1. So which residues in the stretch 15-33 are open to solvent by 40 Å² or more (accessible area, probe 1.4 Å) and in contact (Cβ under 8 Å) with a residue 40 or more places away in the chain, if there are any at all?
2. Here are some residues: 198, 170. Which one is part of a loop (DSSP other than H, G, I, E, B) and out of contact with any strand residue (DSSP E or B) (no Cβ under 7 Å at 6 or more places or on another chain)?
3. Hey, can you tell me all the residues within the stretch 54-63 that are open to solvent by 10 Å² or more (accessible area, probe 1.4 Å), of a type outside the set (Lys, Arg) and in contact (Cβ under 8 Å) with a residue 12 or more places away in the chain?
Amino acid sequence: MSVPQRQIRAVYTAETITVYQAYAPEIALPALAAGRFVAPFRRERMTWIKPSFRWMMYRCGWGTKPGQERVLAIEITRAGFEWALLRACLSHYDAHHHASRQAWSAQLRASPVRVQWDPERSLRLRPLSHRSLQVGLSSEAVDRYVDDWTVRITDVTPTARAISALLRDGDDGAAAAMLPPERPYPLPEQVAAVVGAGIGRVDADE
């Protein structure tokens, strides 16, 4: 079976999509208590959200890397998510996507959102041939993320550590059964064009 090389896969409902971030307890615990990001979370910094649970696990080492010990599932509105993608710029110049390097550079400076496509990860966090989306939010986009889009924040650190323990024990089947049920996210055509989704197809080597 083949899949688009660039495809968003996520847990979502009719109104929301779940993204992931990992933080130190001093940021994660106040956010969990408040149901939104509060100090010492800093709005002045670009914050990266990831719809792929496995890519988040690759980034945070199943919640073991320093400063990323608590893994959060943030349910945000689909309207907000798509607002961000519609105003996004690719993090890296793409000759097939941009008229010129100068045009890309100007768009990058003006955009409050950056996106990049990185290799999706297998259950054991090996790189796959298809890509997963990361979304970087800054300035107005961060304010909207914190104040308007966030519906619910859940601590999924226990899930991450349980899956990791099963993998250490060699029980890949049980580990896979605990993964969030992600499925292809239906992007509007205009949004897909902005972020370069759906380009090419590759074998699904998961």
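1. 15, 25, 29, 32
2. Of 198, 170, the one residue that is part of a loop (DSSP other than H, G, I, E, B) and out of contact with any strand residue (DSSP E or B) (no Cβ under 7 Å at 6 or more places or on another chain) is 170.
3. Across the stretch 54-63, the qualifying residues are 55, 58, 62.
The values are calculated or read from the model by the stated rules, or taken from the named source; none is laboratory data. For clarity, every value in this text was computed on a predicted model and none was experimentally measured. Here the Cβ is made from the backbone with ideal geometry for all residues, glycine too, and neighbour counts use every protein chain on show. Each accessible area value is taken on the protein alone, full model and side chains, heavy atoms only, with ligands, DNA and RNA left out. Shrake-Rupley method; radii C 1.70, N 1.55, O 1.52, S 1.80 Å.
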